[in-house]
Amino acid sequence: MPLALFALAVSAFGIGTTEFVMMGLLPNVADDLGTSVPTAGYLVSAYAIGVVVGAPLLTALGSRIPRKRMLLLLMGLFVIGNLGSALAPGFGWLLTGRFLAGLPHGAFFGVGAVVAARLVREGRQARAVATMFLGLTVANIVGVPAATLLGQNLGWRATFLVVTVIGLIALAALARLVPYIPLEAHQSVGREIRALGDRQVLLGLATAVFGFAGVFAVYSYLASITTEVMGFGESSVTLVLALFGIGMTLGALAAGPLTDRALRPTLYASLGTLAVVLLAFRFTAHIQWAALVTVVVLGAVGFMTTTPLQMLVMRKARHAPTIASASNHSAFNLANAGGAWLGGVAIAAGWGWLSPTLVGAVLAVVGLAIAVTAGLLDRGDRGDKGPEASRVVASAATTTGTTTGATTERVG
């Protein structure tokens with residue numbers, strides 16, 4: 001794999017650390033700034049809103065900027081947002097810093113996925129994208145626990161200063177290792193935006209919203225499930241979250257080659273298995289060793305959905321893959337917020353700490369139904385076009401450098 005993928009992975013590590021670390025620092029931030037924990041929770045929402053807004057907006061605005069320069073600009077904004085968070089004099093300024101830090105998130109992964117796919121030969125593109133996402137999963141194993149521990153002992157500002165340093169290291173790695181990648185001649189803001197209107201792209205985004213919401217319906221309350229249902233102490237929460245991160249990493253490693261081999265079957269299998277694992281968690285949660293195994297498997301099958309979904313929207317928006325790829329991360333963040341909200345509704349209704357597993361299973365099944373529907377419609381569309389049209393589509397896909405006629409056939 002090219003060294004440029006290492007630079008992308010380091011960037012993803014920094015982004016993943018700052019995205020999830022706030023959940024563990026909310027009590028510290030609330031005490032320091034004189035506010036309540038629920039109010040401090042808006043800092044998590046501010047980041048998510050930044051992702052949802054920034055992904056399509058910054059990608060569209062940067063559609064005529066060369067890929068490498070765009071990555072550097074986005075990472076620069078990431079550094080500014082985290083430095084602003086570390087130096088924030090009050091809650092309002094910290095809220096603004098979190099929003100700024102979230103703005104480049106989706107756009108960076110959108111552009112980064114396209115760059116990763118362009119760096120490798122045909123047939124290894126999904127593996128290249130998965131390698132970039134490894135940085136995100138490793139952040140949940142190492143970055144988030146370490147940054148949380150740092151913030152608890154040295155203050156939450158120290159956490160964001162360290163993330164700022166990680167961002168500067170990523171900036172240097174991107175500048176040094178990522179080659180110049182010219183823009184496609186046909187790329188424009190209008191074409192990028194029109195790509196979002198493609199039926200298959202919209203169905204892919206809908207699959208991400210519902211399918212991945214199933215993961216976060218449970219993950220958002222995993223700490224409470226650990227202490228209230230599994231029977232572990234509070235000191236074990238970090239270990240359980242790290243096990244989930246290990247599962248995410250294993251899922252990312254498996255998703256790359258599986259997606260290169262058969263995209264839609266990988267997506268169907270991961271969503272179907274996710275629903276089964278979520279249902280099984282209701283029973284295994286009461287047996288400590290089985291619960292820990294289930295947490296690892298849940299992280300693995302949950303994250304296995306991300307690479308095929310990323311590659312799907314890139315291939316279906318083959319003439320303008322960047323904004324569709326970036327919007328996929330908006331969809332994932334909507335899934336984060338929606339899954340957490342629905343899981344919370346179930347708990348608040350008095351259905352118990354394990355009720356989010358049922359909510360998550362239903363959401364995963366809905367995501368699977370949308371994915372299967374999209375696959376059937378895609379086959380019908382290709383059948384209606386006939387062989388000649390299929391060759392034209394394959395040829396156009398090859399021109400973008402993000403897919404080929406052979407990989408297009410594997411999508412279905």
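The values are calculated or read from the model by the stated rules, or taken from the named source; none is laboratory data. The model shown is predicted, which means the values in this text are computed figures rather than measured ones. Here the Cβ positions follow ideal geometry from the backbone for every residue, glycine too, while neighbour counts run over all protein chains shown. To get the accessible areas, we keep the full protein, side chains included, count just its heavy atoms, and leave off ligands, DNA and RNA. Shrake-Rupley method; radii C 1.70, N 1.55, O 1.52, S 1.80 Å.
Here are the numbers for this structure:
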{"quantity": "Residue within region 170-185 that is modelled with pLDDT of 80 or more, crowded, with 22+ Cβ neighbours inside 10 Å, of a type in the set (Gly, Ala, Ser) and closer than 24 Å to LEU72 by Cα present", "calculated": "yes"}
{"quantity": "Residues of region 156-184 satisfying the condition of being in contact with a helix residue (DSSP H, G or I) (Cβ under 7 Å, 6 or more places away or on another chain) and in a loop (DSSP other than H, G, I, E, B)", "calculated": "VAL178, PRO179, TYR180, ILE181, GLU184"}
{"quantity": "Conditions (1) closer than 30 Å to ARG124 by Cα; (2) among the β-branched types (Val, Ile, Thr); (3) crowded, with 23+ Cβ neighbours inside 10 Å: number failed by THR226", "calculated": "(1)"}
{"quantity": "Search result, residues across region 234-250 that are over 11 Å from VAL142 (Cβ atoms) and either touching a strand residue (DSSP E or B) at 6+ places or on another chain (Cβ under 9 Å) or among the aliphatic types (A, V, I, L, M) (or both)", "calculated": "VAL237, LEU239, VAL240, LEU241, LEU243, MET248, LEU250"}
{"quantity": "Helices (runs of 4 or more DSSP H) fully within region 7-114 counting 3 or more residues that are β-branched (Val, Ile, Thr)", "calculated": "42-61"}
{"quantity": "Among the candidates LEU279, LEU274, residue that is open to solvent by 10 Å² or more (accessible area, probe 1.4 Å) and closer than 24 Å to TRP341 by Cα", "calculated": "LEU279"}
{"quantity": "Positions within region 115-137 being open to solvent by 10 Å² or more (accessible area, probe 1.4 Å) and either touching a Phe, Trp or Tyr at 6+ places or on another chain (Cβ under 8 Å) or assigned to a loop (DSSP other than H, G, I, E, B) (or both), in sequence order", "calculated": "LEU119, VAL120, ARG121, GLU122, GLY123, ARG124, LEU136"}
{"quantity": "Pair list, Cβ under 6 Å, 6 or more apart: region 74-99 residue closer than 19 Å to THR35 by Cα, other residue outside any helix (DSSP H, G or I) and open to solvent by 10 Å² or more (accessible area, probe 1.4 Å)", "calculated": "PHE91/THR35"}
{"quantity": "Matching residues in region 282-295 - criterion: being open to solvent by 40 Å² or more (accessible area, probe 1.4 Å), in a helix (DSSP H, G or I) and either within 21 Å of THR307 (Cβ to Cβ) or of a type in the set (A, V, I, L, M, F, W, C) (or both)", "calculated": "PHE283, TRP289, LEU292, VAL293"}
{"quantity": "Restricting region 84-104 to residues that are open to solvent by 10 Å² or more (accessible area, probe 1.4 Å) and under 28 Å from PRO182 (Cα atoms), the residue that is farthest from the chain's Cα centre (by Cα)", "calculated": "LEU100"}
{"quantity": "Subset of region 48-64 (residues that are over 20 Å from the mean Cα position of the chain (by Cα) and surrounded by fewer than 17 Cβ atoms within 10 Å (Cβ to Cβ))", "calculated": "LEU61, ARG64"}
{"quantity": "Positions within region 333-378 being open to solvent by 50 Å² or more (accessible area, probe 1.4 Å) and not in a helix (DSSP H, G or I), in sequence order", "calculated": "ALA349, GLY350, TRP351, TRP353"}
{"quantity": "Filtered residue count, region 281-299, keeping only those that are under 18 Å from the mean Cα position of the chain (by Cα) and modelled with pLDDT of 95 or more", "calculated": "3"}
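Condition check ((1) of a type in the set (S, T, N, Q); (2) closer than 30 Å to SER63 by Cβ) across all residues:
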| position | (1), (2) |
| --- | --- |
| ALA217 | no, no |
| ALA223 | no, no |
| GLU228 | no, no |
| PHE232 | no, no |
| THR249 | yes, no |
| ALA252 | no, yes |
| ARG261 | no, no |
| SER270 | yes, no |
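Yes/no matrix, rows are residues, columns are (1) touching a His at 6+ places or on another chain (Cβ under 7 Å); (2) buried (at least 17 other Cβ atoms within 10 Å of the Cβ); (3) under 22 Å from ALA128 (Cβ atoms); (4) at pLDDT below 90:
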site: ALA7; (1), (2), (3), (4): no, yes, yes, no
site: GLY14; (1), (2), (3), (4): no, yes, yes, no
site: VAL37; (1), (2), (3), (4): no, no, no, yes
site: LEU43; (1), (2), (3), (4): no, yes, no, yes
